[in-house]
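Report on the following structure.
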Amino acid sequence: MIKTIRPKLELLSRRFIEKIIDEAYEILDKQGIFVENKEALKLFSQAGMKVEKKTHRVHLKRRLVEKCLTTAPAVIKLYDRTGEREYTVGGDEVHFDPGSAAVTILDHKTGEERKPETKDLVDYCRLTECLDNIHFQSTGLISSDVPHPIADIYRLYFGLVFSRKPVVTGTFRVESFRPMKDLLAAVRGGDKELAAKPLAIFDACPSPPLKWSNLTTQSLIDAARAGLPSELISMGMTGATSLVTISGTLVQHVAENLCGVAIVQLAKKGAPVIFGGSPSSFDMRRGTTPMGAIETMMIDVGYAQIGKYLNLPTHAYMGLSDAKTNDAQAGLETGLGAVLGALAGVNVISGPGMLDFESCQSLEKLVIDDEICGMAYRLISGIAQREDPIATDKFEGFTPETQFLSMPHTKKWYRLEHSYPVIADRDTYDAWVALGKKPIADRASEHVEKILRSNPPALVEKDVRNELTRILTAYAKANGIASLPALP
Amino acid sequence: MKKEELFARIEKAIIEGRKSEAEDLAREAVKAKIDLTEVIEKGYVPGIQKVGDLWEKGDYFLPELITSAECMKAAMAVLQPELDKANIKTKTKGKVVIGTVEGDIHDIGKNLVASMLSANGFDVVDLGADVKLEKFIEKAEETKADFICLSALLTTTMLGQKKAIELLRQKNLYGKFKVLVGGAPANQKWAEEIGADGYAENAMLAVKLAKRLMGA
Ligand code: B12
């Protein structure tokens, strides 16, 4: 049987990659990079790097970073809430998760963005749980009916209560890491158990150009010590916070991420770290950060290729859109991103459900995107030979009357070779009219309701839930918050 | 060089975003002892106004806009000491204290707003990012500001906009400054809810809003 090719997209030659990396190293050494975190500065100092105390500028030597790269794992394992299902993050494996930390939700009934509430958060977690092509969940909505200081941990609580999937998350405050880790450990039954089977990834963004803030550096250090993977989210905005050229933005991206890898490895040798990002082709007209721009996706594919070259797992913000509603633009940008990301073999792709520049989640879009991700998975599974011979034996005794539909061969393969979407419209014109000429968002909305109605919540066991609730309320109390919305 | 010719060259330097030329022309004006308020009113201001027009028409994009705004700033830095020496008060459109609220390091949007306000004749004190709420009020009092502009990009930090207004109330200073809010999670409704004087979605609209609130 001839081997199936895994289709792949590459945008950079090997020489180009090496040049970008060389220049990144040169900048890290000569110009240095700002790290506004005492502990990290101490780690760098101890490793023999020149640290300018006043300015927090570190001059990073190539040999140190290269050493750190040798201890960073090429492949990371994540486990779901039950600890039974294992996910490989590395190689050319692709896992989609909803774009995270939306500030608003698109209300299908009014067609307008509004602030999400606890109920939306629950629906969102339950829905994500049921979508087959979305492998991970993300703490994707910021609930507006809880006091802000606990917003980051609140969303994680619901994710763990209502879904089994591993979580892509992150902290908004330095103090939040501890309770968030405690929630995760409560599910696993201890810190050691959590480190052995990580349940979550923590996103941490450098601040372009060439700076790691106190908050996100601390997150890198804390996650490393807890044995949890960090995702480095470098995000140059071309011409605004990084050079305007795509190649120039890649150099800065690589420099910032390499510094992140070094921080993680110095905090704990061998700790898992993912080479990710959320750069954008800055819109020079409107001052916005379009995630659906083809140039944004080119930067993503470019740094992912470099991440692979460095032998690290990769991540990108792709498969999302800047449209404000579920229109043609939303489908186009999401489809392009999901397909290009999958072809590039990006391991974690965050984006589904997102609209309006990483700021609005839509449940309808999430189910549409699940189908899009399914198409991307189908594409990268490639064209398989399936049988030997491929066809000649099936044509034996061929006549014009040969029936393909009833051939055993057809029945054997049709579900494996082809997919049958629920939401995309493949009806005849008359059937479409008869069904009310419904736009895709309406069909998606019906589907959302059907999923939520027919799937009982994947609730965590009662005693774990009690422990999670205890941690959440204790943390809320410590922050002077006496009561939380009635927990569903 | 005739006065009119100088004004025309200044205007052009601003429109085309040539910084060293904008500065040199300011020095030339000082040397020639031309009335500096006239230099500003007839050279620099028309220049930046044309830049605004070109932006609105869609001919200019952010790089042109910001380059011109920076030229304006550089030229004003040359003229300001001279004006101070001669004790001349220039007509400012209003005094602004701006910053990103505490806990929040997003500052790109805030910088754009500050640049555009400054280029359009506002006197801007930029406190930077991650700024303590008290600091905004102190600085506003100290500089007798007309505006306090609060930027916040996180749902957690946007609460700082509300707290700042509460703080003004506590100190009996509410109403003394016009408070403007902005950043991704903010909107008109939020501004009204917390008792701010205005919200704007982008830097150009922020300039319009501030001008309107100053009755200009
Ligand atoms: C770039 C960016 C960053 C950069 C910021 C670099 C910098 N120097 O500013 C970095 C990488 C550092 C960063 C870090 C983080 N970020 Co961030 N970031 C963004 C991003 C992609 C774009 C923001 C931006 O610069 N836009 C371009 C500028 C020009 O637009 P703007 O800021 O909106 O400003 C315009 C208007 O709003 C208005 N305006 C702005 N201020 C004011 C003020 C006044 C008075 C007025 C009138 C108008 C006005 O005019 C401006 C010009 O037109 C947004 C996504 C988004 N859609 O906003 C996320 C986003 C804001 N970030 C987010 C998060 C979560 C974070 C982190 C917590 C992530 C982490 N765990 O590491 C950290 C926070 C660190 C901290 N404590 O602040 C979330 C916020 C979610 C939430 N619910 O709060 C967002 C929405 C992305 C997401 N969905 O995850 N981020």
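The values are calculated or read from the model by the stated rules, or taken from the named source; none is laboratory data. Just so we're clear, the structure is a prediction, and the values are computed from it rather than from any experiment. Positions of Cβ are generated from backbone atoms using ideal geometry, with glycine treated the same way; all protein chains shown enter the neighbour counts. Areas reflect the complete protein model, heavy atoms only, side chains present, ligands, DNA and RNA absent. Shrake-Rupley method; radii C 1.70, N 1.55, O 1.52, S 1.80 Å.
Does A:D203 satisfy the condition of being within 10 Å of the ligand (Cβ to nearest atom), modelled with pLDDT of 95 or more and not small (G, A, S)?
yes
Give the number of residues within the range A:269-283 that are away from the ligand (no atom under 11 Å from the Cβ) and buried (at least 18 other Cβ atoms within 10 Å of the Cβ).
Total satisfying the criteria: 7.
Scan the range B:113-130 and tell me whether some residue there is under 25 Å from A:E175 (Cβ atoms) and either part of a strand (DSSP E or B) or more than 8 Å from the ligand (Cβ to nearest atom) (or both).
Among the residues of the range B:113-130, at least one is under 25 Å from A:E175 (Cβ atoms) and either part of a strand (DSSP E or B) or more than 8 Å from the ligand (Cβ to nearest atom) (or both), which makes the answer yes.
Residues being more than 8 Å from the ligand (Cβ to nearest atom) and either hydrophobic (A, V, I, L, M, F, W, C) or within 11 Å of another protein chain (Cβ to nearest Cβ) (or both): count how many of those fall in the range B:198-209.
Of the residues in the range B:198-209, 1 are more than 8 Å from the ligand (Cβ to nearest atom) and either hydrophobic (A, V, I, L, M, F, W, C) or within 11 Å of another protein chain (Cβ to nearest Cβ) (or both).
Which numbered condition in (1) more than 13 Å from the ligand (Cβ to nearest atom); (2) within 30 Å of A:V35 (Cβ to Cβ); (3) surrounded by fewer than 21 Cβ atoms within 10 Å (Cβ to Cβ) is the only one that A:D145 fails?
Here A:D145 clears every test but (2).
Looking for whichever is open to solvent by 30 Å² or more (accessible area, probe 1.4 Å), more than 18 Å from the chain's Cα centre (by Cα) and acidic (D, E) here; the options are A:E358, A:E364, A:E396, A:E371. Which one fits?
None of the other options fit; the residue is A:E396.
Going by what's in this entry, would A:L484 be described as without any contact (Cβ under 8 Å) to a residue 60 or more places away in the chain and of a type outside the set (S, T, N, Q)?
For A:L484, the condition - without any contact (Cβ under 8 Å) to a residue 60 or more places away in the chain and of a type outside the set (S, T, N, Q) - is not met.
With touching a residue at least 24 places away in the same chain (Cβ under 8 Å) and open to solvent by 10 Å² or more (accessible area, probe 1.4 Å) as the only criterion, which of B:G195, B:G175 stands out?
B:G195
Kindly indicate which of B:K189, B:K162, B:K211, B:K178 is in a strand (DSSP E or B) and over 16 Å from B:G109 (Cα atoms). Lay out the reasoning, then the answer.
On the way: B:K189 fails: in a strand (DSSP E or B); B:K162 fails: in a strand (DSSP E or B); B:K211 fails: in a strand (DSSP E or B).
Being in a strand (DSSP E or B) and over 16 Å from B:G109 (Cα atoms) holds for just one of B:K189, B:K162, B:K211, B:K178, which is B:K178.
Limited to the range A:284-295, what total is found for residues that are open to solvent by 20 Å² or more (accessible area, probe 1.4 Å), out of contact with any strand residue (DSSP E or B) (no Cβ under 9 Å at 6 or more places or on another chain) and more than 14 Å from chain B (Cβ to nearest Cβ)?
Within the range A:284-295, residues that are open to solvent by 20 Å² or more (accessible area, probe 1.4 Å), out of contact with any strand residue (DSSP E or B) (no Cβ under 9 Å at 6 or more places or on another chain) and more than 14 Å from chain B (Cβ to nearest Cβ) number 1.
I'm trying to understand the selection: among the residues of the range B:146-163, which are within 9 Å of the ligand (Cβ to nearest atom) and open to solvent by 20 Å² or more (accessible area, probe 1.4 Å)?
Of everything in the range B:146-163, those that are within 9 Å of the ligand (Cβ to nearest atom) and open to solvent by 20 Å² or more (accessible area, probe 1.4 Å) turn out to be B:L153, B:L154, B:T156.
Which of the residues belonging to the range A:259-283 are within 13 Å of chain B (Cβ to nearest Cβ) and not in a loop (DSSP other than H, G, I, E, B)?
Selection gives A:S280, A:D283.
Just give me the residues in the range A:1-52 being under 18 Å from A:A267 (Cβ atoms) and open to solvent by 80 Å² or more (accessible area, probe 1.4 Å), in sequence order.
A:K38, A:K42, A:Q46
For a quick check of your reading of the model, give me the residue pairs whose first member lies in the range A:170-190 and is among the basic types (K, R), whose second is away from the ligand (no atom under 15 Å from the Cβ), with beta-carbon atoms closer than 7 Å and at least 6 apart or on different chains.
Listed by first residue and then by second, the contacts come to A:K181/A:A226; A:R188/A:G83; A:R188/A:L194; A:R188/A:K197; A:R188/A:L199.
Which one of these does B:I108 not meet: (1) more than 14 Å from chain A (Cβ to nearest Cβ); (2) open to solvent by 50 Å² or more (accessible area, probe 1.4 Å); (3) within 14 Å of the ligand (Cβ to nearest atom); (4) out of contact with any Asp or Glu (no Cβ under 6 Å at 6 or more places or on another chain)?
Among (1) more than 14 Å from chain A (Cβ to nearest Cβ); (2) open to solvent by 50 Å² or more (accessible area, probe 1.4 Å); (3) within 14 Å of the ligand (Cβ to nearest atom); (4) out of contact with any Asp or Glu (no Cβ under 6 Å at 6 or more places or on another chain), the lone unmet condition for B:I108 is (1).
Of all residues in the range A:435-477, count the ones that are free of Cβ contacts under 8 Å to residues at least 60 places away in the same chain and buried (at least 18 other Cβ atoms within 10 Å of the Cβ).
Number satisfying all stated conditions: 1.
Here is a yes/no grid of residues against (1) open to solvent by less than 10 Å² (accessible area, probe 1.4 Å); (2) farther than 19 Å from A:A267 by Cβ; (3) more than 14 Å from chain B (Cβ to nearest Cβ):
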site: A:Y154; (1), (2), (3): yes, yes, no
site: A:K165; (1), (2), (3): no, yes, yes
site: A:G170; (1), (2), (3): yes, no, no
site: A:R178; (1), (2), (3): no, no, yes
site: A:D191; (1), (2), (3): no, no, yes
site: A:F202; (1), (2), (3): yes, no, yes
site: A:K211; (1), (2), (3): no, no, no
site: A:L220; (1), (2), (3): yes, no, yes
site: A:G227; (1), (2), (3): no, no, yes
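Among the residues that make up the range A:298-319, is at least one of them open to solvent by 10 Å² or more (accessible area, probe 1.4 Å), within 20 Å of the chain's Cα centre (by Cα) and within 14 Å of chain B (Cβ to nearest Cβ)?
no
Which members of the range B:167-205 meet the condition of being modelled with pLDDT under 95 and within 14 Å of the chain's Cα centre (by Cα)?
Within the range B:167-205, B:N202, B:A203, B:M204, B:L205 qualify.
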